[in-house]
Structure formats: C-alpha cells, structure tokens
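Enquirer: Here it is, the structure, as structure tokens.
Derivation of every value follows stated rules applied to the coordinates shown; laboratory data play no part. Predicted, not measured: the structure shown is a model, and the values here were computed from it. When we count neighbours, we look across all protein chains shown, and the Cβ atoms used for this are built from the backbone with ideal geometry, even at glycine.
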Amino acid sequence: MWLFNRKGPSGFSSSSTAEEVTQGIDGTGLTAIVTGASSGIGSETARVLAMRGVHVVMGVRNMAAGRDVKEAIVKENPSAKVDAMELDLSSLESVRKFASEYNSSGHPLNLLINNAGIMATPFKLSKDNIELQFATNHLGHFLLTNLMLDAMKKTAVKSKQQGRIVNVSSEAHRFPYSEGIRFDKINDESGYSSFAAYGQSKLANVLHANELARRFKEEGVDITANSLHPGAIVTNLFRHMGIINGLVNKIGKLALKDVHQGAATTCYVALHPQVNGVSGEYFKDSNIGQATVKGRDPELAKKLWDFSMNMVK
C-alpha cells in the first residue's frame with residue numbers, strides 16, 4: 001500500500017498504476033524499445049505497452065529471462081506483439097550489435113524507453129574499462145539513443161506521429177558526487193562511493209534527456225525527450241545494499257511502490273496525450289516535477305554530451 005497518494009494536475013498520483021495511467025489509450029501502430037525489460041518495472045512497462053497495442057522490442061541482457069517475460073505477456077494477451085533481443089548496456093559492443101540488428105530489421109521506432117539500470121554496486125569496471133554504473137546506466141543508453149535516432153526521425157516523418165525518448169532516472173540524481181559529474185575521475189576507485197556513483201549516473205540520465213530535447217528543438221525534429229523518477233520500488237535493484245535490502249523486503253509493501261505503480265510514470269510519459277509536445281521535463285508520480293539545479297544546467301548537459309561522445313568513439 002502506498003502511503004501518499006494525493007493526485008497531481010495530471011489526475012494521477014503516486015499510487016496510480018501503469019494500467020490506470022494508460023487506460024483507454026490505443027498504441028496500435030507504435031513500436032517501442034524497452035531496455036531492461038526482463039524484470040522489475042521494465043517487464044511491467046513492456047506488458048502494459050503491449051496491452052495497449054504497442055509492438056514492444058525488449059532489450060535484455062538475459063535472453064532466457066526475456067523469453068519468459070515474452071511468454072507470460074503473450075499468455076495473458078495472445079494478440080500482443082513482443083520480441084526479445086539481446087542487449088547488455090554495460091558493453092558498447094553489445095549496444096552496437098543490438099542497434100545494427102534492429103536497424104537492419106526495417107522496424108519503425110516511435111518510443112525508446114531507456115529503463116535498464118544497476119544500483120549502488122561495488123566498484124567495478126565494465127568491459128570497456130568504464131566505471132560500471134556510469135557505463136550501464138548512462139553511457140550504454142547514450143550510445144543506443146544515438147544509434148537509434150535515424151530510425152526515430154524517419155518514423156516520425158513517415159508516420160506523422162511524434163517520437164518519444166524516455167530516460168528512467170531517479171531522485172538519487174539529487175545525491176551525486178559534490179561536483180555532479182566527475183569528468184576527470186570517472187574511473188577513480190580511491191574516491192568511489194557506490195551511492196554517489198549511482199546518483200551521478202542518474203543525474204547523467206536527466207542531463208542527457210535535456211540536451212536531447214534542446215537539440216531536437218533546434219533541429220525542428222518531432223521527437224521529445226524526458227526523464228523521470230519511477231518512485232522507490234520493491235525490486236532487485238537493492239540487492240547490493242545489504243541491510244537496506246532486508247529492510248526493503250520487510251517494510252516495502254507499506255512505504256514503497258510495487259512494480260505496477262513503479263512503471264506508471266514511464267508508461268504515462270511514453271503514451272499519454274497530456275505529454276504531447278512536452279520535452280526536457282523531469283516527471284515523478286505521473287506529473288511534471290523538478291530536477292535539481294545541476295539537473296537543469298544546460299552547460300553541464302552540453303559538457304556531458306561532448307564527454308560521452310568522446311567515450312563512445
């Protein structure tokens with residue numbers, strides 16, 4: 001049970017579910033990529049989008065788990081259009097392979113939901129020798145988005161429907177390292193804080209969406225980009241946090257959202273008519289919220305963009 005459920009201007013609240021915020025919306029003809037769709041809010045996002053008629057392509061690291069989710073969705077909804085493709089966001093090679101296969105398939109792309117993430121992990125480098133949380137939560141999605149932009153732009157023109165990019169961030173973006181993004185110390189193990197590194201990667205999600213929104217407006221492209229906080233949710237994200245994980249499992253049902261509520265803001269931003277034309281915003285509880293001062297800093301967003309471009313070259 002979620003304790004605080006006052007409705008916002010959208011008519012929805014923290015207790016609204018993904019099904020409730022998409023009630024009556026017909027997504028037939030739309031195609032979405034959802035990363036990290038084999039568990040948690042990613043799988044619920046995929047299920048509800050498919051329920052609304054969207055063709056969902058799940059980008060999953062674990063293909064066996066992805067196939068299980070696909071089977072469960074189709075069993076519940078035999079008309080659902082769902083595919084699973086292998087995607088490891090911590091590997092730039094895997095991201096490039098996924099994008100190449102998707103683009104060669106000829107599928108249109110209306111919605112890109114950058115959902116996959118890891119949280120508060122011990123210090124570790126990715127296959128590309130980049131701090132793992134920054135690599136997985138931001139850099140993999142940054143590269144994926146860049147590689148899917150041509151498909152999204154072509155789809156927007158051909159379908160005459162606005163494309164939407166949705167970055168699943170977190171209120172943890174309020175608690176990064178003191179400098180925000182440690183451009184000169186991304187891989188510095190000596191000063192590593194697992195939670196500050198998570199906050200840094202989630203701040204990067206917000207800045208990435210904002211810079212995309214600015215560029216789309218400048219180019220006159222009919223695609224929006226927004227970021228969001230899904231809420232504090234009972235998922236396996238807490239598995240690296242020891243005693244906190246135990247507390248989450250014990251009291252979570254009283255104070256935290258379940259996955260049905262946790263996927264609501266993602267589905268709202270991806271599908272709801274209220275979000276038509278809205279870009280560069282930060283959402284929480286299916287309403288427009290406000291990111292931090294750093295999260296709204298256009299110069300920091302541009303610096304992160306250039307830094308990220310150099311890292312993925």
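Enquirer: Taking the alpha carbon gyration tensor of segment 25-306, what are the square roots of 5 times its eigenvalues, largest first, to the nearest whole Å?
Expert: 26, 22, 19
Enquirer: Okay, next question. Given Lys7/Lys202; Lys160/Lys217; Lys153/Lys202; Lys81/Lys160; Lys154/Lys217; Lys202/Lys313, which pairs have Cα atoms separated by over 19 Å?
Expert: Values: Lys7/Lys202 25 Å; Lys160/Lys217 17 Å; Lys153/Lys202 26 Å; Lys81/Lys160 22 Å; Lys154/Lys217 16 Å; Lys202/Lys313 22 Å.
In this structure, Lys7/Lys202; Lys153/Lys202; Lys81/Lys160; Lys202/Lys313 lie more than 19 Å apart at Cα.
Enquirer: Please report the antiparallel percentage of DSSP beta bridges with both residues in the chain, rounded to the nearest 5.
Expert: 15 percent
Enquirer: Okay, moving on. In square nanometres, what is the average projected area of the Cα convex hull of segment 27-78? Walk me through the numbers on the way to the answer.
Expert: On the way: hull surface 12.0 nm².
Result: a mean projected hull area of 3.0 nm².
Enquirer: Mean shadow of segment 1-103, computed from the convex hull of its alpha carbons, in nm²? Don't skip to the answer; put the middle values down first.
Expert: Details: hull surface 32.4 nm².
Average of the hull's projected areas for segment 1-103 equals 8.1 nm².
Enquirer: Can you tell me which of 58-69, 154-165 comes out highest on packing, and rank the rest after it, using the mean Cβ neighbours within 10 Å?
Expert: So the peptides 58-69, 154-165, ranked by packing, come out 58-69, 154-165.
Enquirer: Give the aspartates and glutamates reachable from Lys302 as a straight Cα distance under 12 Å; neighbours fewer than 8 places away on the same chain don't count.
Expert: Within reach: Glu211.
Enquirer: Oh, and also: If you take the square roots of the eigenvalues of the alpha-carbon gyration tensor of segment 93-245 and sort them as a ≥ b ≥ c, do you get rounded (a/c under 1.5), prolate (a/b over b/c) or oblate?
Expert: Values: a/c = 1.96, a/b = 1.81, b/c = 1.08.
Prolate shape, in that a/c is at least 1.5 and a/b is the bigger ratio.
Enquirer: May I ask you to list, by number, the DSSP H helices of the chain whose Cα span along the axis is at least 24 Å and whose average Kyte-Doolittle hydropathy reaches -1.0 or more?
Expert: On the way: long enough: 140-159 (27 Å, 0.25); 194-219 (37 Å, -0.54).
What comes out of the filter, once short or polar helices are dropped, is 140-159, 194-219.
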